[in-house]
1. Which members of the range 211-244 meet the condition of being touching a Leu at 6+ places or on another chain (Cβ under 9 Å), touching a residue at least 24 places away in the same chain (Cβ under 8 Å) and charged (D, E, K, R)?
2. Exactly one condition in (1) buried (at least 22 other Cβ atoms within 10 Å of the Cβ); (2) assigned to a strand (DSSP E or B); (3) not basic (K, R) is not met by V80; state its number.
3. Looking only at the range 87-126, count every residue that is of a type in the set (D, E, K, R), farther than 25 Å from V30 by Cα and in a loop (DSSP other than H, G, I, E, B) and tell me the total.
4. Out of (1) surrounded by 15 or more Cβ atoms within 10 Å (Cβ to Cβ); (2) of a type outside the set (D, E); (3) within 19 Å of L140 (Cα to Cα), the odd one out for R264 is which?
5. Which ones in the range 242-256 are surrounded by fewer than 17 Cβ atoms within 10 Å (Cβ to Cβ) and under 17 Å from S118 (Cα atoms)?
6. Quick one: in the range 200-220, of everything that is modelled with pLDDT under 95 and outside any loop (DSSP other than H, G, I, E, B), which residue is surrounded by the fewest Cβ atoms within 10 Å (Cβ to Cβ)?
7. Report whether or not V244 is among the β-branched types (V, I, T), in a helix (DSSP H, G or I) and either over 17 Å from T203 (Cα atoms) or at pLDDT 95 or above (or both).
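The values are calculated or read from the model by the stated rules, or taken from the named source; none is laboratory data. For clarity, every value in this text was computed on a predicted model and none was experimentally measured. Here the Cβ is made from the backbone with ideal geometry for all residues, glycine too, and neighbour counts use every protein chain on show.
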Amino acid sequence: MAMMRLRREDPRVVGSFRLHRRLGAGGMGVVYLGSDRRGQRVALKVIRPELAEDQEFRSRFAREVSAARRIRGGCTARLVAADLDADKPWFATQYVPGPSLHDKVNDGGPLPPSQVASIGAALAEGLVAVHEAGVVHRDLKPSNILLSPKGPRIIDFGIAWATGASTLTHVGTAVGSPGFLAPEQVRGAAVTPATDVFALGATLAYAATADSPFGQGSSEVMLYRVVHEEPHLSGVHAALAPLVRACLVKSPEDRPSTLQLSLRLKEIAAREARGLHDGGETAQNGGARAPGGHPGTRQGAGSRQGPPVPTGRRAREYAQQRTQRDSRSSQRESTTSSARASTPRTPREGYSEGRTGSRGAAPQPRTGGGARTNGGPPGKRPAGRGPAGRSPAERRRRMMRQRLIVFVTVTLLVALGIAAAQGCQGPSRGLGGLTGKATPSSQNADGL
């Protein structure tokens, strides 16, 4: 959505919102980009002075805003605040970033059928919530649909009103946009949810063709075509044309409901996303579609139902892809064969020459440390057995024996060490005793 700087006559603060940019102007007033104290951004519309002076407009608009507060759903811009008693009534809705459907088509051209169906399904689902709240939008058109990152959003409920209320303008005056108004709006008749269905059909036709289904011209010419002429849908995709035509019938009672539209458009969007549509491939392949079968296949007596046979451009693409796959496969096979031929063969592990050669030949050493089992590949051990073909129980018993041997050996070494130490101390005590006893004798001998 294009933003412009505020003009000198534009207000800077409205209610509790500070205005930053001008988003646009319409028949009811000027729309601004504002924010509250918490930084939440809103689209704030200030009603034009000539409408603000109309007391009948104020009273009816108050009922419409009260009804719009009850709308719940992710496909609409939520009403945030409103002040209908101000000198210039205003209301603020949640700001939705993203271009409008009008700008998207005007800049990039018609949308693909899958995207048109997807947008239409989301809009129909949003209108279900709007109508359940007792509100009719009355001005649904491409410029009032914003394509946000989370999906399309319906905005500008400024001229919407509660079901059963009378028109906001004088009798015979149409409120809305020519080319998207329903015939009952042009005649000044009662407005119902079917009115929004007509506008949705015209919006989908615009998205698919980048033009109104009633062409271009002055407001009087467009309104006359809406009431008396049939819509031009030659540019609408074959999968969407019947549904769009049903939305644009003159009688409101003959139009489908928003719930039916939502379900049907979801089916079309899913099918178009897979590249299929009703009758498209059947006509191309020249075959009748069998019940439950594939397009382009005929099912006769005794015939077997098979996959569709590609023809024309698809056949050429299929043949080219098959040729590329075959060439890649042949290259891989030639590379593998050359690698095998250049690699010398070696005897298999675990086999001895004595088994295939002479009887007295010495056996070949086995690698991998594993015994070959009967009928099994060399170097592999039977399941549940450890090194040298031992079972876990045998390994535990062997470990216990080793520990016992180590324990006995250490015990014997300690005992021998103690005995050797005691043996060394015994002779020294005996010599000391003899020396002590002989000392008096020698003294006596000296004395003698």
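1. The answer is none; no residue qualifies.
2. Answer for V80: the failing condition is (1).
3. Initial filter on the range 87-126 (of a type in the set (D, E, K, R)): 87-88, 103-104, 107, 125.
Keeping just the survivors that are farther than 25 Å from V30 by Cα gives 125.
Restricting the remaining residues to those that are in a loop (DSSP other than H, G, I, E, B) gives none.
Of the residues in the range 87-126, 0 are of a type in the set (D, E, K, R), farther than 25 Å from V30 by Cα and in a loop (DSSP other than H, G, I, E, B).
4. (3)
5. Filtering the range 242-256 down to residues surrounded by fewer than 17 Cβ atoms within 10 Å (Cβ to Cβ) leaves 242, 245-246, 250-251, 253-254.
Of everything in the range 242-256, just one residue is surrounded by fewer than 17 Cβ atoms within 10 Å (Cβ to Cβ) and under 17 Å from S118 (Cα atoms), namely P242.
6. The residue in question is E220.
7. On the way: among the β-branched types (V, I, T): yes; in a helix (DSSP H, G or I): yes; either over 17 Å from T203 (Cα atoms) or at pLDDT 95 or above (or both): yes.
Here the answer is yes, as V244 does meet what is asked.
Quick grid of which residues meet (1) surrounded by fewer than 18 Cβ atoms within 10 Å (Cβ to Cβ); (2) farther than 30 Å from V14 by Cβ:
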| residue | (1), (2) |
| --- | --- |
| D87 | yes, no |
| P97 | yes, no |
| D103 | yes, no |
| G109 | yes, yes |
| G120 | no, yes |
| E125 | no, yes |
| V130 | no, no |
